[in-house]
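Each remark here refers to the structure printed beneath this line.
The values are calculated or read from the model by the stated rules, or taken from the named source; none is laboratory data. Everything quoted here is computed from the prediction, not taken from an experiment. Virtual Cβ from ideal backbone geometry, glycine too; neighbours counted across all protein chains shown.
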Amino acid sequence: MFAFILRLSTIFLALLVMAEVAWADDAATAATVLAHMEAGEAHQGVTNDAQHVYAISNSTIGKYDRASGKRVAAWSGDPQVFIHINSCEMVSGRMACAMSNFPNVPMDSSVEWFDPATMRHVRSHSFGPGHGSLTWIDWHDGFWWACFANYTATGGEAGRGTQSTVLVKYSADFVERESWLFPRDVLDRFGDFSASGGRWGRDGMLYVTGHTRPEMYVLRLPEAGGRLVHVRTITLPTGGQAFDWDATRPDTVWTISRDKAELVQSRLP
């Protein structure tokens, strides 16, 4: 009997250790929430600078003071023209935004620039139809890196689904240089949707979010071939959509919560 009890105790301790290790692994791959900010426009994505955080919703952008959380300005465009602004990024004092005509087909895309000081639209570059719906664009290492989403669900074109989502590298004047497909396991996680947010990190990795899952995928360029490589996955407190690196704190991101209409600041592990 004693030997049986001892064996049960050993098994219990082993299971306890395994549970603690699993919990530690989960904690090591999860982002930590630092702050919340209410924002009615928190529907598609978020960007930021040293003083303000900007909430993005199709044809509307709200500007919020970092310190108080109050909305201090906003821009609204003609929804027949500015159909689907999905994400924005601060580049050389301008807000560069990825826009498409989602869910309309054939898909067309453009980059729209805004002056964040005046919240005025100042410039446009049209990609027209081609690779898909532009969901995010990132200026990195002297090139534009643009993600064109394709959808198996609403908004997709016949013959092209989520598996056709592509990352395209452009020169400064938008001459196409290279392109890559996404890892198959990440595409599976996208479901019928696609990549919604993406930014290059200081570590040389590409960080990507989908449209729904509370996950961030860390990717890298392949040594050969035309498909990105999945390195690891980070658990987020919010369900996908476009994000941005915090302009004032390293290894910190802003994401959105559609359900709560919030901007969420988190520190990555």
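Going by the structure shown, is Val105 hydrophobic (A, V, I, L, M, F, W, C), surrounded by 15 or more Cβ atoms within 10 Å (Cβ to Cβ) and in a loop (DSSP other than H, G, I, E, B)?
yes
Kindly evaluate Ala195 against the criterion of being in contact with an Asp or Glu (Cβ under 7 Å, 6 or more places away or on another chain), part of a loop (DSSP other than H, G, I, E, B) and small (Gly, Ala, Ser). Taking the combined requirement at face value, the residue does not satisfy it. Restricting the first member to region 28-42 and to residues that are more than 17 Å from His52 (Cβ to Cβ) and modelled with pLDDT under 95, and the second to residues that are part of a strand (DSSP E or B) and not aromatic (Phe, Trp, Tyr), the beta-carbon pairs closer than 9 Å and six or more apart or on different chains are Thr29/Arg232; Thr29/Thr233; Thr29/Ile234; Thr29/Thr235. Somewhere in region 196-214, is a residue among the hydroxyl-bearing types (Ser, Thr, Tyr), surrounded by 23 or more Cβ atoms within 10 Å (Cβ to Cβ) and without any contact (Cβ under 8 Å) to a residue 40 or more places away in the chain? There is no residue in region 196-214 that is among the hydroxyl-bearing types (Ser, Thr, Tyr), surrounded by 23 or more Cβ atoms within 10 Å (Cβ to Cβ) and without any contact (Cβ under 8 Å) to a residue 40 or more places away in the chain. Inspection of region 173-184 finds no residue satisfying the criterion of being on the phi < 0 side of the Ramachandran plot, in contact with a helix residue (DSSP H, G or I) (Cβ under 8 Å, 6 or more places away or on another chain) and among the hydroxyl-bearing types (Ser, Thr, Tyr).
Out of contact with any strand residue (DSSP E or B) (no Cβ under 7 Å at 6 or more places or on another chain), outside any loop (DSSP other than H, G, I, E, B) and surrounded by fewer than 20 Cβ atoms within 10 Å (Cβ to Cβ) - does that describe any residue in region 123-130? Yes, that holds for at least one residue.
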